[in-house]
Amino acid sequence: MKILDHLPSRVSIYEVSPRDGLQNEAAQVATHSKVRLIEALVRSGLKRIEITSFVSPKWVPQMADADQVAHMAEAPEGVTFSALVPNGTGLVRAQKAGLGEVAVFLSASQTHNLKNVNKTIEQTLTAFDRVIEPAVAAGDRVRGYVSTVWGCPYEGDVAVADSLRLAKTLLARGCYQVSLGDTIGVGTPLQTRRILDAMLAEIPPERIALHLHDTRGTALANVLVGLSMGITTFDAAVGGLGGCPYAPGAAGNLATEDLVYCLDGMGIETGVDLEQLWQAGQVAEALVGRKLPGKVHTAGVRSLTH
Ligand code: HMG
Ligand code: MG
């Protein structure tokens with residue numbers, strides 16, 4: 001089968017459970033519990049973790065303790081902690097907390113952008129004047145997100161040209177990578193190929209990541225399309241935690257366990273230990289007090305399946 005003929009040998013996983021995973025939880029998760037989750041993720045071998053977001057606590061109360069989380073969590077050598085930042089205030093908070101990487105975010109559809117950050121897309125790009133360029137000038141790394149690329153909960157279809165324009169703008173302004181978001185998990189494989197065909201005509205594959213929510217069980221199928229087209233960074237959240245508070249219907253992220261299991265099985269290196277990851281998933285379940293979708297203990301059946 002042609003799609004499986006050109007897979008990379010190594011993939012980088014960008015873990016978002018402490019941020020995207022927890023931001024949507026109604027019950028406040030204790031700060032020390034968030035730190036416990038981050039530590040468990042580090043033990044699993046994940047090297048890139050988005051630990052919190054420096055957004056308005058009025059908009060996302062669950063992330064109100066961002067400063068404490070960032071102060072308490074310690075990134076060992078070789079591990080990068082990042083955080084979502086919407087504006088200059090967020091950057092100042094992130095820098096004070098000692099983070100060397102931040103992530104800016106905007107949506108390809110106007111209505112989701114307005115609901116999410118109370119600004120039009122153009123106003124959001126202006127707000128980034130106080131994030132991207134100053135962060136890069138200070139020696140920090142900046143990642144970018146373009147959300148609702150596969151579809152918007154308010155507007156439906158989103159033109160690929162709009163997502164492409166924003167991705168190129170973020171990269172030109174200094175983001176090292178842009179993560180394309182299927183915010184509400186509506187993407188299907190041929191659509192993913194169309195989106196990536198357009199993106200890869202103008203952007204090198206290493207500067208694109210896929211951020212897939214698994215609302216309809218299509219995330220891994222879309223990962224496979226991405227892999228076959230040269231994409232080597234995928235966002236995921238342990239346990240399949242997650243959702244955007246301003247995207248009705250957005251369910252969990254692609255579960256990191258499912259991603260690692262699938263990549264392991266295809267001989268693609270991730271540097272992540274599945275057993276330790278399962279332990280981190282147990283921590284995540286304890287934090288939110290319920291069973292999570294992506295938590296099957298696959299480590300034990302490895303020898304049967306590979
Ligand atoms: P606003 O109300 O228009 O902002 O919100 P403002 O500038 O008028 O400020 C209002 C108040 O918030 C002021 O305080 C500011 O100081 C404060 P007051 O004077 O009322 O006491 N404020 C802040 N406080 C702390 N940190 C800050 C900050 N900024 C302002 N950084 C704003 C605009 C952007 C701040 C707000 O809309 C916001 O925080 N939105 C964030 C929403 C969010 O986090 N959504 C989820 C993440 S996006 C996502 O999940 C998608 C993604 O996963 C990818 C995908 O799935 O596709 C990334
Ligand atoms: Mg998300």
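The values are calculated or read from the model by the stated rules, or taken from the named source; none is laboratory data. Because the structure is a prediction, the values reported are computed rather than measured. As a convention, Cβ positions derive from the backbone with ideal geometry for all residues, glycine included, and neighbour counts pool all protein chains shown. Please note that ligands, DNA and RNA were not included when accessible areas were found on the heavy atoms of the full protein model with its side chains. Shrake-Rupley method; radii C 1.70, N 1.55, O 1.52, S 1.80 Å.
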By residue number, the members of the stretch 122-150 that are surrounded by fewer than 21 Cβ atoms within 10 Å (Cβ to Cβ) and closer than 25 Å to residue 198 by Cβ are 122, 125
Scanning the stretch 98-107 for residues that are open to solvent by 10 Å² or more (accessible area, probe 1.4 Å) and under 17 Å from residue 165 (Cβ atoms) gives 105
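Condition first: away from ligand 1 (no atom under 13 Å from the Cβ) and in contact with a helix residue (DSSP H, G or I) (Cβ under 7 Å, 6 or more places away or on another chain). Now tell me which residues in the stretch 5-21 satisfy that.
Across the stretch 5-21, the qualifying residues are 6, 7, 8, 11, 13.
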So, first residue more than 23 Å from residue 260 (Cβ to Cβ) in the stretch 237-248, second residue among the aliphatic types (A, V, I, L, M), Cβ within less than 6 Å, six or more apart or across chains; the pairs are 244/250; 247/184
Result of the Cβ filter at 6 Å on the stretch 258-282, keeping first residues that are closer than 22 Å to residue 217 by Cα and among the hydrophobic types (A, V, I, L, M, F, W, C) and partners that are at pLDDT below 95 and outside any helix (DSSP H, G or I), at least 6 apart or interchain, is 278/297
Flagged in the stretch 125-180 as of a type in the set (Val, Ile, Thr), within 14 Å of ligand 1 (Cβ to nearest atom) and more than 23 Å from residue 213 (Cα to Cα), in numbering order, are 126, 131
By residue number, the members of the stretch 262-277 that are open to solvent by 40 Å² or more (accessible area, probe 1.4 Å) and touching a Gly at 6+ places or on another chain (Cβ under 9 Å) are 271, 273, 275, 276
Subset of the stretch 225-257, residues within 16 Å of ligand 2 (Cβ to nearest atom) and open to solvent by 40 Å² or more (accessible area, probe 1.4 Å), comes to 245, 246, 248, 249
Per the filter on the stretch 179-224, residues open to solvent by less than 10 Å² (accessible area, probe 1.4 Å) and among the charged types (D, E, K, R) are 182
- request: Check whether at least one residue in the stretch 63-73 is within 16 Å of ligand 2 (Cβ to nearest atom) and either over 19 Å from residue 29 (Cα atoms) or modelled with pLDDT of 95 or more (or both), and report yes or no.
  value: yes
